[in-house]
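Here the structure comes first, spelled out in structure tokens, and everything after it is commentary.
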Amino acid sequence: MSDKIFISHADIILDKIYDSKFKLIKQDGGGCNWNDIYNLSILGEKCYAFGSCGNDEEGKIAINSLKKAGVNVDNIMIDNNISTAVMNILLPDEETLGENDIIHTWYSPITNKNTMHFSDNLPLDIPKEFEDKEIYIILDKFEAINYEFLQRIQNKKVCLDVGAEEFIEYYTNQYLISFFKQANIIQINNNIRNYLFNKLKICNEIDFFNLLDLDLLVITNGKKGAKFLYKENGKIKLCDKKPEILVDAIDTSGAGDAFFSVIIREYAYCDKIDEEFINHTFKLANKSSREVLSQLGSRKIT
């Protein structure tokens, strides 16, 4: 039996999906980090949620989604003083979608009110039975409370998904670099790459990789594939992979999360990162992304 466990630490999020006429057509748990945990759980891994949400219907739906996938939700705090965070996803009136056609907004299309609320009231205590486990922590937000949570865990690998400007724009460069240096793996998309490198005054992927001393850097670029940077025999290697199979997207939400989930799992069980690892992992991750692209919502149907 594996001693590996996968956990995330953040506010619980619900995705509300609307059609082009603003009709609510689906509700399900969301958030990149929670999608990763969900995906890893249905792949058979032991997954735990450390988070908080409001005592409302949105929170119940989001928690139940994780629970149905097998995620341990015992460490989710129910806070009567907050509302559960909601991401509003607006689908255009098209049969097939481009990569940038879907709108993700923190504002309700019905009330125009902000629905994405973040709390500092997150659990920090780690169960004693985790002490002898190999822990993989998945984060897509970089608040001070997330940083404190990381410092409390010794035997850890840190996997960061840097996917939105809103989650990094207000931090100082010094703080972001300090946080990112905790990471073993970082995934960024090509859009955030340009913003992040400009903010941190970094010239290119190799400088970023060197600065943080990563095991693996993944830069996704939608249908064009992904770049992988890793170190082999003391030298930085860059592997540019393009998908062999493309599909028409029904919903692009969650494709990057499905991709990253597979990368995290393969990383957790690999002996070394080399070209063979990259080729094998990209093939599996790309297949997982296609499965999510061909359905409505950001999570695979269990």
*Does Ile102 fit the bill of being surrounded by 19 or more Cβ atoms within 10 Å (Cβ to Cβ) and either under 30 Å from Lys223 (Cα atoms) or without any contact (Cβ under 8 Å) to a residue 24 or more places away in the chain (or both)?*
no
*Do any residues in segment 167-182 that are more than 19 Å from Asn33 (Cβ to Cβ) and surrounded by 14 or more Cβ atoms within 10 Å (Cβ to Cβ) have Cβ atoms under 9 Å from those of residues that are modelled with pLDDT of 95 or more and of a type in the set (Val, Ile, Thr), where the two are at least six apart or on different chains, and which pairs are they?*
none
*Yes or no: Lys157 basic (Lys, Arg), farther than 20 Å from Leu122 by Cα and over 17 Å from the mean Cα position of the chain (by Cα)?*
no
_Which pairs turn up if I take residues in segment 10-23 that are in contact (Cβ under 8 Å) with a residue 12 or more places away in the chain and crowded, with 22+ Cβ neighbours inside 10 Å and look for partners that are part of a loop (DSSP other than H, G, I, E, B) and of a type in the set (Lys, Arg) with beta carbon separation below 7 Å, at least 6 apart in sequence or on another chain?_
Ala10/Lys141
_Looking at segment 62-75, can you tell me whether even one residue there is closer than 24 Å to Val158 by Cα, in contact with a Ser or Thr (Cβ under 6 Å, 6 or more places away or on another chain) and surrounded by 23 or more Cβ atoms within 10 Å (Cβ to Cβ)?_
yes
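So that you can scan it fast, the table gives a plain yes or no per residue for (1) modelled with pLDDT of 95 or more; (2) under 18 Å from the mean Cα position of the chain (by Cα):
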{"position": "His104", "(1), (2)": "no, yes"}
{"position": "Ile110", "(1), (2)": "no, no"}
{"position": "Phe118", "(1), (2)": "no, yes"}
{"position": "Ile138", "(1), (2)": "yes, yes"}
{"position": "Gly163", "(1), (2)": "no, yes"}
{"position": "Thr172", "(1), (2)": "yes, no"}
{"position": "Ile177", "(1), (2)": "yes, no"}
{"position": "Gln182", "(1), (2)": "yes, yes"}
*asked:* Could you check segment 125-144 and list, in sequence order, the residues that are aliphatic (A, V, I, L, M) and either surrounded by 17 or more Cβ atoms within 10 Å (Cβ to Cβ) or touching a residue at least 60 places away in the same chain (Cβ under 8 Å) (or both)?
replied: Ile126, Ile135, Ile137, Ile138, Leu139
*Any chance segment 254-270 includes a residue that's modelled with pLDDT under 95 and assigned to a strand (DSSP E or B)?*
no
*Check off (1) more than 23 Å from Ser261 (Cα to Cα); (2) touching a residue at least 12 places away in the same chain (Cβ under 8 Å) for Lys60 and give me the number that stays unchecked.*
(2)
*So which residues in segment 88-102 are assigned to a strand (DSSP E or B) and either modelled with pLDDT under 85 or more than 18 Å from the chain's Cα centre (by Cα) (or both), if there are any at all?*
Leu90, Leu97
_It is to be established whether one or more residues within segment 159-173 are over 28 Å from His104 (Cα atoms) and not charged (D, E, K, R)._
no
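The values are calculated or read from the model by the stated rules, or taken from the named source; none is laboratory data. Computed from a predicted model, the values in this text were never measured in an experiment. Cβ sites come from the backbone with ideal geometry, for glycine too, and all protein chains shown count toward neighbours.
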